[in-house]
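Down below is the structure, laid out as structure tokens.
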Amino acid sequence: MSAPPSKANGRTTAAIQRRYERQAAVYDLVEGPAELLLNRWRRRFWGLVPADSRVLEIGVGTGKNLRWHPPNVSVTAVDFSPRMLARATRRTQRPDARPGFALMDAQTLAFADASFDVVVATFVFCSVPDPILGLQEARRALQPNGRLLLLEHVRSGLPVVGRGMDWLNPLTVRLQGVNVNRDTVDNVRRAGFRILEVDNLFLDIVKLIVAEPAP
Ligand SMILES: C[S@@+](CC[C@H](N)C(=O)[O-])C[C@H]1O[C@@H](n2cnc3c(N)ncnc32)[C@H](O)[C@@H]1O
């Protein structure tokens with residue numbers, strides 16, 4: 001078991017959670033135009049999930065991935081924002097691919113060790129207050145030979161773009177609870193995973209990351 005979040009982390013978590021509660025009603029509207037691009041990546045991402053696997057989706061949000069869930073897997077979808085989760089449960093779902101939903105903080109997953117074959121998250125570990133703690137929890141909930149699949153935006157390695165992201169970060173955290181300058185690939189490694197693949201999808205910013213628990 002990983003260490004529980006500290007008091008300071010508890011306060012930050014509550015603040016980020018409030019920001020998502022505030023955004024829930026307009027989230028799909030605001031993100032709508034970006035989805036034209038994101039949907040291509042989402043389809044490819046979910047194509048990597050092996051058939052017949054037990055999947056944990058962390059930070060399901062309003063449920064934009066639901067239409068891409070393969071029919072032959074069993075998905076448990078969690079989020080720490082009741083309003084985001086309520087939207088996901090109301091989203092039209094295919095009867096053959098209906099996930100189980102649970103209100104839960106990624107930093108304290110209420111699942112037994114090794115409960116899942118695959119853990120997935122799309123655009124979530126930019127917001128989880130302690131991303132390494134959240135990723136350690138993902139590792140704990142994964143089978144030793146399981147897979148972590150992430151689609152995330154990260155700090156660009158291009159110097160000028162990266163510095164711009166550092167500059168913008170305090171604003172995006174305050175307004176949306178989103179960090180635009182995280183090194184999520186390194187965080188995955190630091191949480192005890194071995195990186196198998198990093199696919200740069202857009203400007204060294206959007207990455208598809210595949211990892212497995214390190215021995
Ligand atoms: C940017 S949204 C992405 C939603 C969805 N995955 C998508 O691709 O549209 C981030 C989501 O992660 C959730 N989230 C952030 N931190 C979390 C945490 N510590 N535990 C659970 N969910 C979290 C937020 O409530 C929000 O729904």
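What follows draws every value from the coordinates through simple rules; no lab data is involved. Predicted model, so just to flag it, every value in this text is computed and none were measured. FYI the Cβ positions are ideal-geometry reconstructions off the backbone, even for glycines, and counts take in every protein chain you see.
What Kirkwood Rh does region 7-213 have if only Cα atoms enter the pairwise 1/r average? Answer in Å.
Values: mean 1/r = 0.0584 Å⁻¹.
This gives a value of 17.1 Å.
In what order do TYR27, TYR20 fall by count of nearby beta-carbon atoms within 10 Å, going from fewest to most? Before the final figure, lay out the partial values.
On the way: TYR27 19, TYR20 22.
With the sparsest Cβ surroundings first, the list reads TYR27, TYR20.
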According to a simple spin-label model (label point 7 Å from Cα along Cα-to-Cβ), what is the distance in nm between ASP52 and ALA8? 4.8
In nm, what is the difference between 0.36 nm times the number of residues separating ALA102 and GLU21 and their Cα-Cα distance? 27.6 nm
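Taking the DSSP beta bridges in the chain as the whole, what percent of them are antiparallel, to the nearest 5?
Numbers: 14 of 32 bridges.
Counting only bridges with both partners in the chain, antiparallel ones make up about 45 percent.
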If neighbour count is taken as other Cβ atoms inside 10 Å, put ILE205, ILE195 in order from fewest to most. ILE195, ILE205
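Return a whole-number percent for the relative contact order of region 7-213, with Cα pairs under 8 Å and 6 or more residues apart as the contact set.
On the way: 388 pairs, mean separation 37.7, N = 207.
Here the relative contact order equals 18 percent.
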Once the other residues with Cβ under 12 Å from the Cβ of LEU29 are scored (Lys, Arg +1; Asp, Glu -1), what is the net sum? -2
